[in-house]
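Data block below; observations after.
The values are calculated or read from the model by the stated rules, or taken from the named source; none is laboratory data. A quick note: this is a predicted structure, and the numbers were derived from the prediction, not measured. Virtual Cβ from ideal backbone geometry, glycine too; neighbours counted across all protein chains shown. Calculation scope for accessible area: heavy atoms of the full protein, side chains included, ligands and nucleic acids excluded. Shrake-Rupley method; radii C 1.70, N 1.55, O 1.52, S 1.80 Å.
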Amino acid sequence: MKYGHFDDPRREYVVTRPDTPLPWLNYIGQEDYFGLCTNTAGGYSFWKDSRLRRLTRYRYNNVPYDLGGRYIYVNDAGTVWNPGWKPVKAELDSYECRHGMGYTKITGSKGGLEIELLFFVPLGRNEEIWKVTVRNRSKKRKSPRLFSYQEFCFYEALNDMTNYQRTYSIGEVEVEGSAIYHKTEYRERRNHYTLFACTRPIAGFDTDRDIFVGIHEGLHEARVPSSGKCAGSKAFGWNPIGAHEIDLDLAPGAEESFAFVLAYVEQGDRPRFEKPGLINKELGRQIVARYAKPGAVDAAFAELGRFWDDLLSNFQAELPDEHAARMLNAWNQYQCMATFNLSRSTSMYETGIGRGMGFRDSNQDILGFVHMIPARARERILDIASTQLSDGTCYHQYQPLTKKGNAEVGGDFYDDHLWLVLSTCAYVKETGDLSILEEPCGYADREYRIGADGRRAGAGGEPAESLLHHLELSIAYTMRKRGPRRLPLIGHADWNDCLNLNCFSTEPNESFQTAGVVGNSQAESVMIAGLFLHASREMSALYDFMKRPEDANRMLAQREEMLAAVESAGWDGDWYRRAYDAAGKPIGSKECEEGKIYIESQGWCVLGGAGADDASGPSRGRARKAMESVHKLLFTPKGVLIQQPAYSTYHVELGEVSSYPPGVKENAGIFCHNNTWIHLAWCQLGHGDRALEYYLSICPSAKQAEIDLYRSEPYVYAQMIAGRDAPCYGEAKNSWLTGTAAWTFVALTQGILGIRPDYRGLVVDPCIASAWKGFSATRRFRGAEYKIAVKNPKGRCKGVASVKVDGEAFDPVGAAAILPIFPAGTSHRIEIELG
Ligand code: GLC
Ligand code: GLC
């Protein structure tokens, strides 16, 4: 591969040249403090909320794309360069970037000097470390000067990049020793600041961008690094930056290490000022002292490594396919953490000022994360539920800092609430913790106070409505919001944000998602119906587990009602229709000229149990037929198209879906997220060969052979790959923050490997490729370790023939093995033979 390779034992992707087809991104941070970091050290940092607490600046869609970041300039006897190549782009003698789990390590060398930069966020901390190691690999003494550089952001990122009449006049800093304190707006309402310090003595500093870079210069020709000397500038207004000068003197073969620390510091109840006008720097000094201790930085980095080892050890597997194996063992789980933390807020494609956390997105993200840190999943589920409104609709997005719904986008996306059922059931299956259902969440449009027990309570002290109340309301809401064919209404859109059947927009500047009135609309969604079949069955199983059979049956009765509507109004003859528009015309039907078949309704109707083999009457076997239509009409070797044929013109009655040029995004692109539902559907039908073939068709690791076409990172999923109607068929966009991460993890582990948590135990029911001779996996479940070895001597795809638990024969229930829940802390050998 031209640009790099996987280093699987270290769980790293090694980029071997800096000029990748697009900037290749990694994230640092795992809890509250996060940074983006590209393979040339581009990116920025924020605390919790990339809109409201942006710490460093970044200019999106820059020229070149990725400019600005955590830069170290070197001036070695007049030659200026950066170990990460950018921004100077001097030719390097060697370059390597290792993106790993929670860190990025970039090493560059030139003229006998080697510099290694390691960026990471220590566990549980609100700061990032830039560890710098400088090695003199030449035979001469060297006295290089290093300059750190990053630009401070004034926290509210939108204002910061738009309101210069104010921002050019408010920037303020203080400097003490090697520490630069960015204190803009601290004089008024802020009780926090940003610190940028060095753990070793510095030879100088700058805090004024105009002095360090220049007015007419670019970052590639910044003045101070070229001159070789910091000017000691103190920013007053304009654009404060943090820059340090480090003068080194290295004998041949000598090496020196030190670190920069960039920290977000909240004062809490401490005195805000130490003297009039001077901020209280007590916490900042403590942070600098912490990392100045010998070994402290390395210890923090080692702790991060142990954290990831432990986290990933919840699920590890040895698989015959190297792509599937490395995605499962490291990168897919790692990406699930990123989507859980950041939803769709901030990446190379999301600026962190647009969307906060999505309701449907965050619920789906939990599916790929809950096995790692269930306690955080629990907290998130309760936060999300609290943004539901008391009539059942949900705020489509909310801000992580305030946990409040975003009023600009509002609600009325009629799929949102159903995803809460899926995330909650996944959590209970993983943990067995039914207490979450009793947690008082309350609704976003009601007033609560904190009750005597520290929880949300109503005016009379009664607990706020529980999570179970929310789930019930969600099911009831879909039942209530149904149209003329008894299918669910669609509202502004369902999962497909671009199917805007009530929008009728002719105004170029309005949003497809919020324009239009959904009030009296009759437009219906077959996909929501399919999702409901699944969600109501999940609710029923949950009630069974709670020993509430009547409620379980009530759920099944509602499901039957929906199933009847799906089979009567949703079936098109060879596949399931997608929707009915506001005028009652089918979408995703043979009757349409374009958009005849859509992927989402095939996925969800099949997963919801429509058209099953054991159904009675005409609907029997429709699932298989629908999936064969997918194979014939939508499958390509580069992934499954979302819909065909592409819309060639704008259709006012369909909205944004028809706004995209044919072959991209929702207009016939390969939208990887929904591909995974098809992977699961093939597994449900026992078609392991197709499941694997489809899985590999979108697997980033498998794209290395055509990377100049694919362009995006080969280690994380992208939201979209251009479909065959596009001139760039096969090119990926929107990598990192996509529901594909969680759903692929579900498809691979629960579908193909068939290892899925259930209320009663751990189910193992693989659906593998017939060529696989077997596989093994270690899964931690409810505190116990399951060491699973699957053998496939007869070349089957599916069907458990025998099970041994710790060497003893074990009677499988039905065709799947439901393994018992073992005591926490124990380890068990499970041997399974397919046949
Ligand atoms: C994006 C959105 C997601 C939506 C999908 C399809 O990924 O974040 O909410 O379901 O697009 O439109
Ligand atoms: C989803 C879609 C995108 C659309 C957006 C609107 O992310 O993928 O095409 O523009 O929703 O919110």
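Number of residues in the range 289-301 that are of a type in the set (D, E, K, R), surrounded by fewer than 16 Cβ atoms within 10 Å (Cβ to Cβ) and more than 31 Å from the chain's Cα centre (by Cα): the value is 1. The residues of the range 4-27 that are in a strand (DSSP E or B) and not small (Gly, Ala, Ser), listed by number, are His5, Phe6, Asp7, Glu12, Tyr13, Val14, Val15, Leu25, Asn26, Tyr27.
Check the range 280-288 and report whether any residue there is more than 26 Å from Cys198 (Cβ to Cβ) and crowded, with 20+ Cβ neighbours inside 10 Å. Within the range 280-288, not a single residue is more than 26 Å from Cys198 (Cβ to Cβ) and crowded, with 20+ Cβ neighbours inside 10 Å. For the range 571-618, the tally of residues that are part of a loop (DSSP other than H, G, I, E, B) and either of a type in the set (Gly, Ala, Ser) or at positive phi (or both) stands at 14.
Close contacts from the range 623-642, counting a first residue that is hydroxyl-bearing (Ser, Thr, Tyr) and a second that is in a loop (DSSP other than H, G, I, E, B) and at pLDDT 95 or above, with Cβ to Cβ under 6 Å and a gap of 6+ residues or different chains, come to Ser629/Asp574; Ser629/Trp575; Thr636/Arg724. Every test in (1) open to solvent by 50 Å² or more (accessible area, probe 1.4 Å); (2) without any contact (Cβ under 8 Å) to a residue 12 or more places away in the chain is passed by Gly461 save one, and that test is (1). So for the range 410-422 (the condition being among the charged types (D, E, K, R), assigned to a loop (DSSP other than H, G, I, E, B) and open to solvent by less than 10 Å² (accessible area, probe 1.4 Å)), does at least one residue qualify? Checking the range 410-422: at least one residue is among the charged types (D, E, K, R), assigned to a loop (DSSP other than H, G, I, E, B) and open to solvent by less than 10 Å² (accessible area, probe 1.4 Å). Is there a residue being under 23 Å from Gly358 (Cβ atoms) and among the basic types (Lys, Arg) anywhere in the range 484-501? No, the conditions are met nowhere in the range 484-501. Going by the structure shown, is Ser658 more than 22 Å from the chain's Cα centre (by Cα), hydroxyl-bearing (Ser, Thr, Tyr), buried (at least 22 other Cβ atoms within 10 Å of the Cβ) and within 16 Å of ligand 1 (Cβ to nearest atom)? When the stated conditions are applied, Ser658 passes them. So, in the range 125-144, of the ones that are open to solvent by 10 Å² or more (accessible area, probe 1.4 Å) and part of a strand (DSSP E or B), which residue ends up farthest from Ala263 (Cα to Cα)? For the range 125-144, the residue satisfying everything is Lys142.
Considering the range 663-690, and only residues there that are open to solvent by 10 Å² or more (accessible area, probe 1.4 Å) and among the aliphatic types (A, V, I, L, M), the residue that is nearest to ligand 1 (Cβ to nearest atom) turns out to be Val664. The test for being open to solvent by 10 Å² or more (accessible area, probe 1.4 Å), part of a loop (DSSP other than H, G, I, E, B) and within 14 Å of ligand 1 (Cβ to nearest atom) does not hold for Tyr650.
Restricting attention to the range 733-775, the residues that are charged (D, E, K, R) and within 16 Å of ligand 1 (Cβ to nearest atom) add up to 1.
Checked against (1) among the β-branched types (Val, Ile, Thr); (2) open to solvent by less than 10 Å² (accessible area, probe 1.4 Å); (3) without any contact (Cβ under 8 Å) to a residue 40 or more places away in the chain, Ile450 meets all criteria but (2).
Residues in the range 655-705 that are away from ligand 2 (no atom under 12 Å from the Cβ) and either under 18 Å from Val716 (Cβ atoms) or among the hydrophobic types (A, V, I, L, M, F, W, C) (or both): 25 in all. Residues that are open to solvent by 10 Å² or more (accessible area, probe 1.4 Å), among the basic types (Lys, Arg) and over 18 Å from the mean Cα position of the chain (by Cα) within the range 18-63 comprise Arg53, Arg57, Arg59, listed in sequence order.
Of all residues in the range 543-558, those that are in contact (Cβ under 8 Å) with a residue 40 or more places away in the chain and touching a Ser or Thr at 6+ places or on another chain (Cβ under 8 Å) total 2.
Kindly check whether there is at least one residue in the range 554-570 that is of a type in the set (A, V, I, L, M), in a loop (DSSP other than H, G, I, E, B) and open to solvent by 30 Å² or more (accessible area, probe 1.4 Å). Scanning the range 554-570, I find no residue that is of a type in the set (A, V, I, L, M), in a loop (DSSP other than H, G, I, E, B) and open to solvent by 30 Å² or more (accessible area, probe 1.4 Å), so the answer is no.
Mind checking which residues of the range 443-490 are closer than 30 Å to Gly530 by Cβ and in a loop (DSSP other than H, G, I, E, B)? The answer is Tyr443, Ala444, Asp445, Glu465, Lys481, Gly483, Pro484, Arg485, Arg486, Leu487, Ile490. Among the residues making up the range 478-500, those that are open to solvent by less than 10 Å² (accessible area, probe 1.4 Å) and either within 14 Å of ligand 1 (Cβ to nearest atom) or within 28 Å of the chain's Cα centre (by Cα) (or both) are Thr478, Ile490, Gly491, Ala493, Asp494, Asn496, Cys498, Leu499, Asn500.
The single residue among Leu418, Leu501 that is hydrophobic (A, V, I, L, M, F, W, C) and more than 16 Å from ligand 2 (Cβ to nearest atom) turns out to be Leu418. If the condition is being in contact with a Lys or Arg (Cβ under 8 Å, 6 or more places away or on another chain), surrounded by fewer than 24 Cβ atoms within 10 Å (Cβ to Cβ) and over 16 Å from Asn667 (Cβ atoms), then the range 719-752 contributes Gly730, Thr749, Gln750. In summary, helices (runs of 4 or more DSSP H) completely within the range 156-273 and bearing 1 or more residues that are under 22 Å from Trp81 (Cα atoms) and open to solvent by 40 Å² or more (accessible area, probe 1.4 Å) occur at 209-212, 223-227.
Residues of the range 350-379 that are in contact with a helix residue (DSSP H, G or I) (Cβ under 9 Å, 6 or more places away or on another chain), within 20 Å of His469 (Cβ to Cβ) and away from ligand 1 (no atom under 16 Å from the Cβ): Ala377, Arg378.
The single condition from (1) touching a strand residue (DSSP E or B) at 6+ places or on another chain (Cβ under 9 Å); (2) within 16 Å of ligand 1 (Cβ to nearest atom); (3) not polar (S, T, N, Q) that Val518 fails is (2). The numbered conditions (1) assigned to a loop (DSSP other than H, G, I, E, B); (2) at pLDDT 95 or above; (3) within 16 Å of ligand 2 (Cβ to nearest atom) are all true for Ser511 except (2). Within the range 382-389, not a single residue is touching an Asp or Glu at 6+ places or on another chain (Cβ under 6 Å) and either within 12 Å of ligand 1 (Cβ to nearest atom) or open to solvent by less than 10 Å² (accessible area, probe 1.4 Å) (or both).
Is there a residue in the range 329-340 that is within 16 Å of ligand 2 (Cβ to nearest atom) and buried (at least 18 other Cβ atoms within 10 Å of the Cβ)? Checked against the condition, which is being within 16 Å of ligand 2 (Cβ to nearest atom) and buried (at least 18 other Cβ atoms within 10 Å of the Cβ), the range 329-340 yields at least one hit.
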